[in-house]
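Inspection log for the structure reproduced underneath, given as structure tokens.
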Amino acid sequence: MKKIVLLVFLMLCFMGLTGCNKSGEGKLPGTARVFQVGDKLEPQDYQPGNTGYTPIMKTEKGYYFFSTEKNGLCYADAATGKVMHLCNKPECRHDGNEFCAATTDRYWIGNSCLYNGIMFSTAIEETDTQYLYQLHAIALDGSERSVVCTYYTVDKGTRDPRSARSWNEWQLKIHRNKVILPIELIGKEEMEDTSYYGLGILDLDTMEMVFLDEEGVSKENLRCNNISFNGDYMYFCRQEGKKNILYRYHLTEGTKESYKLMVNFSGLYLALDDDTVIYTKRQSGMLCMHHYATGENEEKLRLTNTREVVLEDGRKIENFEDYVVADLDTDGTYIYIPENESRTTYELNKETGKFEEIRESNLVVLDRELNIVAKVNLADSIDPMEWEGVDGGLHSQIRFFSYVGDEVYARFTSKEALTDVYTFRCKLTDLLNGKPKFELVYSDLYSRRESGK
């Protein structure tokens, strides 16, 4: 009898350690493959839709993403929209216990990237004396989280990590088996905050790490912004004084060179090929083109918004405003340019005598010759929809788009709570025709409310 009691006691202790309790979230369909040092991966080009910063990391059966609501990596089933944590332990509560692959509190979980059928993620582990910067690999069936390598260490008391998760410039990106690993630290010197920057490039074939700058991580290094790729090159911007400078770095040869662009370069650019870069000027809708072979710069297209203004005497005039560009992106065929802000205006309805809300969240689509293919107001596509339990309706987040095959994905949030995130999609053909019809793909929040949890 004592043996039985002892056995039950030990089982309860084990369950308490692992944070166990039936989650009932369902079975993940992915594979148990994780990256091990020495594995040979097929080199792939970086896909903008394959990082946790964008709305979607897509596979044949569903979507992987980081959920603020669930505080961890999650998976959404494409057929049902059901959301579950990226952890297949049937008894796990996904409450941050160290055995959970999706929410472990053992690490400060960073950004993620889906590459070669493996989820890679940055993380920081805190020990008694150091902060360990690590690259992790997570199996798509949620069975395992493993440490690929520790690529940087910081002694406590000297500098502190800025954050494991941050915005666009620091999202995890992998291109042709090269992992781009930005590092940002906070130091205390003479009672003033000091930032230390570095950008590491890890080769998954050799597991060798090189730094972009000679000093590696230093307060003398400038931050790299807006990192992108084309062929064997990594492109990035740095703010030097009041100027934004565009660079390209050869990923195998290790050479770095700068571009001479027009005055007032905004820092937004898109490398169409090894020779051609398009970019914008500050606070304007002017698109410029640079040719590397000749060094030539030219203004190609000015984007504007046309607004109809009704005067007191009833006359109507057209008012032109610059279309302020928020981002430049491409799917290889078309160029997508969201506007830098969503606007709300009010117009008087003469029939009702009431003012009506007019919302704008614009997106321009160009071909590679910079001809306008379509211009759509995304607010018209989504705002009229009503969702039970969603406070204040929805609005689009203009910089959160992914372009996957013949589909366009966009992230929307509640007007009242920016943490309430919903991912929609439409067909590319509908977008090019100027009439996108968005449908809900997944939302951890909406699924939770819908199921009454």
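The values are calculated or read from the model by the stated rules, or taken from the named source; none is laboratory data. No experiment lies behind these values; they were computed from the predicted model shown. When we count neighbours, we look across all protein chains shown, and the Cβ atoms used for this are built from the backbone with ideal geometry, even at glycine. Only protein heavy atoms, including side chains, enter the accessible area calculation; ligands, DNA and RNA are left aside. Shrake-Rupley method; radii C 1.70, N 1.55, O 1.52, S 1.80 Å.
Observations, loosely collected:
- The amide H of residue 78, built 1.01 Å from its N in the peptide plane, has 62, 63 as neighbours under 5 Å, considering only residues 5 or more places off or on other chains.
- Phi-based couplings in Hz for the range 213-218 (Karplus 6.51, -1.76, 1.60; Gly and Pro marked x): 9, 4, 8, x, 10, 7
- Within the accessible area of the range 225-312 (1.4 Å probe), percent carbon and sulfur: 44 percent
- Global dimensions of the range 185-307 from alpha-carbon coordinates: Rg and Dmax equal 16.9, 56 Å.
- Residues residue 356 and residue 215, FRET efficiency given R0 of 56 Å [Cβ-Cβ distance, rounded to 0.05]: 0.45
- Karplus-derived 3J(HN,Hα), 6.51/-1.76/1.60, for each residue of the range 288-294, Hz, glycine and proline x: 10, 10, 10, 10, 5, 4, 9
- Taking 32 Å as the limit for the C-alpha separation, the pairs 354/437; 173/437; 40/243; 61/173; 58/435 exceed it in the case of 40/243.
- Relative packing of 316-326, 292-302, 229-239, 146-156, which averages over residues the other C-beta atoms within 10 Å, highest first: 229-239, 146-156, 316-326, 292-302
- The range 89-161, accessible surface, carbon-and-sulfur percent (1.4 angstrom probe): 43 percent
- Accessible area in the full protein assembly, largest first, 1.4 Å probe, for 138, 245: 245, 138
- Shown here: the range 106-254, whose C-alpha atoms stretch 47, 42, 25 Å along the first, second and third principal axes, sorted largest to smallest.
- Rounded FRET efficiency, nearest 0.05, which uses the C-beta distance separating residue 324 from residue 130 and R0 of 41 Å: 0.40
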